[in-house]
Every structure is written in C-alpha cells, then in structure tokens.
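The values are calculated or read from the model by the stated rules, or taken from the named source; none is laboratory data. All values derive from a computational prediction rather than experimental measurement. Please note: Cβ atoms are built from the backbone with ideal geometry, for glycine as well, and neighbour counts cover all protein chains shown.
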Amino acid sequence: MKPNADVCVIIAAKNAGQTIGRAITSALREPETAEVVVVDDGSSDSTASVSRQMDDGTGRLTVVSFDVNRGPAAARNHAILMSKSPVLAILDSDDFFFPGRLHNLLSQSGWDFIADNIAFVDEDKASTAHLALEAFPAAPRILNLNEFIAGNISKRGVRRREIGFLKPLMRREFLDKHRLRYQESLRLGEDYDLYARALTKDARYKIIHSCGYGAVVRSNSLSGSHRTVDLKRLYEADRAILAQTGLSPQVRALIARHERHIRGRYELREFLDIKRQSGSKAALAHALGNPSAIPAIAAGIFADKTDYFRRQPEAAPAALGGSGGLRYLLQPPSRAV
C-alpha cells in the first residue's frame, strides 16, 4: 500500500477489456489511492490480462478472477474482503475518475459516505472530457433519506435526479460497525439497497457539487439492461428493510413507497413477458389471478399507450446539460431556480 494513501478503489468488471485500462489508469493516477482491486467477474474476453498490463509498478494493483459470473455485488464484497484501506471507492469498469477527485472528496469532513457530481460523456469524447469539465463550487450538504428515496423513484414526464447513480466514498468503519455489505442476490439496484440500509442507520451521506466522476454513456452497457426477476429481487430487498425493527414511521413510509414503485414495474414487466411468450389470453388469466397487480398493469399499459402524446421535443434530458458534450447529474447551486 502506498504510504499516506487512504482509499481502495474497487472495480468489478465483466467483458470490459476495451475500457478497463482507462478506469484503472485514472484510479492509479490519484495520490490518495492505496489499492486498486479489480475483480474480473467471469469475463470471456481479455479483461483480466488487460487489467494486469495497467500495473504501474507501485504494488497497488490487484487483479482477481471469478471462474463464473457472480454479479457486481459479489465482486465488490470480495474486493472489500481483500482490501485493507479505511475508505472504499466504487468505480465502474467503463467509467473513470477526473484528476483530483479523491483529494476533493477527502478534504471534506463529517461523513460516512461522500459523493460528488457526475459528468455523463459519450465514449468518443471520454479522452478529452477533462478539458471541458466545468468548475462548480463544492457547496457541501447532507443527503437525507427522504431525498435519496425520492431520487430513486421515476415519474413519467418528470426529469429524474438519478441519486442512485452517485458513487460515494464509504468509510469501512461504518460498514463494519453496522455489518453492511452489498446484497449478492441483487443484480439491479445493489447500490441503492446498500445506501438505503446505511441511511436507515443514520449514515451521514454528504454531497458536494463539484464534479470528479466521469460516467461513459454506452449503448451496450451491462447496467443498461435488467431481467424481470431483478425487479422482483429489488422490491424484496425493500421488504427486507421494512422487516427491520426500530424503523421510524417516516422511514418505514419512505421505503414502502419505493417498494410499491418497484413492485409495480415488476408486475407490468411480468404481464408483458407472459403476453409475449404465451399470448394475450394467458396474460389476462395471469392478471385476473393476481388482482392486486391489476392497477399497476393497467396504469403501465395506459402510460405506454399515451406516452407519445406527452413527449415534447424540447423536454429536458435526464441529466443537466453542460458544455463540451458533458451532461451533469446534480444541479449546481448557482443554477438553482
């Protein structure tokens, strides 16, 4: 481990041979990086070999490989087990850190989790994105559970703030104290689940608005697709939180709100899966046999059918527009309206 460094950067990767080098290089470039642990999660390409080629000779890079794919939650938990650093950072295998990110985050005090702004950039502009990065004031603030849950519930026609996309640094001490790790049954929303459970245990989740994380937008990203069963496991994770004792009525209501949202998406997807595989009659029979699912199915179908009429060409994108082809997740305070 590098002296006077604090952070272990964890990269779970599957078939990321074309992008993993950039991610590793950006992590090793940070002076505060003590370790980079890459977990090759059952890749069928050159992910592991390319990762090892990125070794800069400082002894900070470790690459391990799973024989079979176990999912990002299991890969990250394995990296946490291997690492020794007091602070943990998650970096997706097709993303990168902008220079100085860790210094800016670690200069803040009073946090268990701390995240900065995210710049979304197209693949062909990733190499020059740092030249277009805007300098926003940090304006630190605490993210509460209410804002976090609301930021993970989508509404048609309303721009999502996508709070779940944030990539906070995490203090190992807090995770260990509350026995928190990623839930390995989840392949969708594993970040949301971990942060929600942490916030129910009064984690101090701080946000700064300056930008240090580059998220590359790619059409074939693994995070861009999910199975119907993944939605089911996510709302079941909410139910597991609700089964905890000692939750305040307000916290319980917030988690229940997210559970209903995800369960509604699952019920619609399950109905459409049955319709596609077995026909309309089978799908209708399924719905009639599950009357509690009918409102979500009906609302989803109606929304899909009328979505065209609600679209507006000038509608704001999911992330706030910026210069140089970058789009930012968090609205800087100076732009507040």
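Would the range 32-43 turn up any residue that is of a type in the set (A, V, I, L, M, F, W, C), out of contact with any helix residue (DSSP H, G or I) (no Cβ under 9 Å at 6 or more places or on another chain), touching a residue at least 24 places away in the same chain (Cβ under 8 Å) and over 30 Å from ARG233 (Cα atoms)? Yes, the range 32-43 contains a residue that is of a type in the set (A, V, I, L, M, F, W, C), out of contact with any helix residue (DSSP H, G or I) (no Cβ under 9 Å at 6 or more places or on another chain), touching a residue at least 24 places away in the same chain (Cβ under 8 Å) and over 30 Å from ARG233 (Cα atoms). Residues that are surrounded by fewer than 19 Cβ atoms within 10 Å (Cβ to Cβ) and of a type in the set (D, E, K, R) within the range 172-198 comprise ARG172, GLU173, ASP176, LYS177, ARG179, ARG181, GLU184, listed in sequence order.
Looking only at residues in the range 63-121 that are among the polar types (S, T, N, Q) and part of a strand (DSSP E or B), the one that is surrounded by the fewest Cβ atoms within 10 Å (Cβ to Cβ) is SER65.
Of all residues in the range 293-330, those satisfying the criterion of being of a type in the set (A, V, I, L, M) and modelled with pLDDT of 85 or more are ALA293, ILE294, ALA296, ILE297, ALA298, ALA299, ILE301, LEU326, LEU329, LEU330. For ILE149, state whether it is farther than 17 Å from ILE208 by Cα and in a helix (DSSP H, G or I). When the stated conditions are applied, ILE149 passes them. Identify, please: which residue in the range 192-218 is among the hydroxyl-bearing types (Ser, Thr, Tyr) and either in a loop (DSSP other than H, G, I, E, B) or more than 16 Å from LEU133 (Cβ to Cβ) (or both) and is, among those, farthest from the chain's Cα centre (by Cα)? If we take residues in the range 192-218 being among the hydroxyl-bearing types (Ser, Thr, Tyr) and either in a loop (DSSP other than H, G, I, E, B) or more than 16 Å from LEU133 (Cβ to Cβ) (or both), then THR200 is farthest from the chain's Cα centre (by Cα). Number of residues in the range 240-263 that are part of a helix (DSSP H, G or I) and touching a helix residue (DSSP H, G or I) at 6+ places or on another chain (Cβ under 7 Å) equals 12.
When the residues of the range 199-231 are filtered to those that are among the aliphatic types (A, V, I, L, M) and modelled with pLDDT of 90 or more, the one that is surrounded by the fewest Cβ atoms within 10 Å (Cβ to Cβ) is VAL229.
So, of the residues in the range 122-145 that are under 30 Å from ASP40 (Cα atoms) and out of contact with any Phe, Trp or Tyr (no Cβ under 9 Å at 6 or more places or on another chain), which turns out to be surrounded by the most Cβ atoms within 10 Å (Cβ to Cβ)? The qualifying residue surrounded by the most Cβ atoms within 10 Å (Cβ to Cβ) is LYS125.
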